[in-house]
Structures are given as C-alpha cells and as structure tokens.
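Here is the structure we will look at, set down as structure tokens.
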Amino acid sequence: GQQVMQIPQYQHVQEGEDFTTYCNSSTTLSNIQWYKQRPGGHPVFLIQLVKSGEVKKQKRLTFQFGEAKKNSSLHITATQTTDVGTYFCADKTGNQFYFGTGTSLTVIP
Amino acid sequence: NAGVTQTPKFQVLKTGQSMTLQCAQDMNHNSMYWYRQDPGMGLRLIYYSASEGTTDKGEVPNGYNVSRLNKREFSLRLESAAPSQTSVYFCASSRDRGPNEQFFGPGTRLTVL
C-alpha cells in the first residue's frame, strides 16, 4: 500500500527555536493533509494542500507541498510550549487515508 | 454538536474475549473510519465506510469486523481479542467534498491481557 515516510521521529527544541517536519512519498500524492495530536488527545486537522508547489500559512505555521507532489513540510517559527504534540501528515488516495509515522515535538521552556 | 463520540474510553480484555467499540457522529458525514494507533506506527486504517450500507478493508483489517448501522453509527468488533490488538482505537468521519478533513473521536484505549 501507499507509504508516507515522516522525519524526524522526535524533535526537542528550546522555546523560541524553529521546527520543521518532513513528509516524503515514493509516489505522487493526490493531496496532503496535516494533523496535530496533543499528548493524550486525538488528531486535529490543521490544513490540506492540493496544488503542486502550494504554500499556506497559519500564523507561525508554514505548510509546503513539493513541486513534484512527492513531499511536504511543516515549519513552525519561534516555537511555543503550546506547540507540543505529534504532527502527522496524511495522504488521501481514493477513499483511504495513509498517515505518516508522525514527528513528536517537545518544547523546552 | 458533539462531533464524533466513542465508547468506551478504556477497556481491558482477556485473550479470547470479544467486544464492540461504538462510534457515532452528528455531522451528517457519509464517510467514517476506524484506525488503530501504536507507538512509532502512526495511525493505520482498519476499516472504512464510504456510505451507509458499505464497508471496505483498510490496511490492517485482520481480526476485526465492522458494521455501519446507519449514517451516524459505525461500530468495530473484536471477535476474539489477542494481545497484539492492544492499542488506541480512533474513529473518524469526513465530508465527501471540499477539504474532506477528518474529525476524530477521543479514542478508546484497549488492553488485551
């Protein structure tokens, strides 16, 4: 089946530092969605990217979709303790969603 | 609106026991999903239902059955639980068009001894 690889698996940053997580696929992605899961919580939708080369921003979060639609990234500028959690990318192919393994972000105050 | 609700929140089973996880959504979504989440494995799709009356296998369906009882409810059944089914189970629903983002329930934490 579809495989979406996500790196890094873990990231520890000092508060105020930037953070980036990457999502890669060997096949072309139809679209890419990003989710955030707080510790002990459930995944919450952040954004969907559809177009090649698309860039979207949500306050301190910047999402990019690669030109070849085989990779995507989420960048957080000046992390805050509220950014703690695991960030997942997900590809929707047909009726199925394929999630990356996630990047767990720890922010050290 | 309650969104997506799941019951129970926690469950401990012995090997060989059966149980049904319940899920309901009040957003009038056609599509519903069951996932399991294991450490380092992300979310893996067990079964999904694109509409009332239809169900399809996902990535890891073995050992599970599902029922789409009506548009609102989608249940997951473990007929004979095994320790390998110890996991956190999430139900989700989504729109058919537009962003079709998934809305997740709070999860069921299942331990099989």
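The values are calculated or read from the model by the stated rules, or taken from the named source; none is laboratory data. Since the structure is predicted, the reported quantities are computational estimates derived from the model, not experimental observations. Every residue, glycine among them, receives a Cβ derived from its backbone with ideal geometry; neighbour counts consider all protein chains shown. These accessible areas exclude ligands, DNA and RNA; they are computed on the full protein's heavy atoms, side chains included. Shrake-Rupley method; radii C 1.70, N 1.55, O 1.52, S 1.80 Å.
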hull vol. (C-alpha, convex hull) per residue for chain A, Å³ -> 91 Å³
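Using a 10 angstrom Cβ neighbour count of at most 13 plus a DSSP loop assignment to flag exposed trypsin sites (Lys or Arg not before Pro), which longest range of chain B is free of such sites?
My reading of the result: B:15-96 is the longest stretch.
Please give the average number of partner chain Cβ atoms lying within 10 Å of the Cβ of each residue in A:37-43, rounded to a whole number.
5
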If you average the C-alpha positions of the range B:70-113 and of the range A:4-23 separately, how far apart do those two centres end up, in angstrom?
27 Å
Ignoring everything but the protein chains, give the 1.4 Å probe accessible area of A:MET5 in square angstrom, nearest 10.
110 Å²
Let me know the Rg and Dmax you get for chain B when you use only its Cα atoms, in Å.
13.3, 43
Gaussian network model of chain B, springs between alpha carbon atoms under 10 Å - residue of B:LEU21, B:LEU13, B:LEU76 with greatest fluctuation:
B:LEU13
Provide the three semi-axes, in whole Å and in decreasing order, of the ellipsoid equivalent to the range A:1-56 as defined by the square roots of 5 times the Cα gyration tensor eigenvalues.
22, 14, 14
In this structure, among A:LYS36/A:LYS70; B:LYS9/B:LYS71; A:LYS70/B:LYS57; A:LYS69/B:LYS57; A:LYS36/B:LYS71; A:LYS36/B:LYS14, pairs with alpha-carbon gaps over 30 Å are A:LYS36/B:LYS14
Within a Gaussian network of chain A (alpha carbon springs, distance under 10 Å), most fluctuating of A:GLY40, A:GLY66, A:GLY16
A:GLY40
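Need one number: convex hull volume per residue for the protein assembly as shown, Cα atoms only, in Å³.
120 Å³
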Charge tally in the Cβ shell below 12 Å around B:CYS23, where Lys, Arg are +1 and Asp, Glu are -1, B:CYS23 excluded
+1
Could you quote the convex hull projected area for the range A:55-107, Cα atoms only and averaged over all directions, in nm²?
4.4 nm²
For the range B:1-61, report the translational diffusion coefficient in µm²/s to the nearest whole number, using Stokes-Einstein at 10 °C, 1.306 mPa s, and a Kirkwood Rh over Cα pairs.
118 µm²/s
Just to be sure I understand: with springs between alpha-carbon atoms less than 10 Å apart, which residue in A:THR79, A:THR20, A:THR93 has the highest mean-square fluctuation in the Gaussian network model of chain A?
A:THR93
Test item: Cα-centred dipole of chain A, Lys/Arg +1 and Asp/Glu -1 on Cβ, debye
320 debye
Counting each pair of different Cα atoms once, what's the Kirkwood radius of the range B:27-71 in Å, rounded to one decimal?
11.1 Å
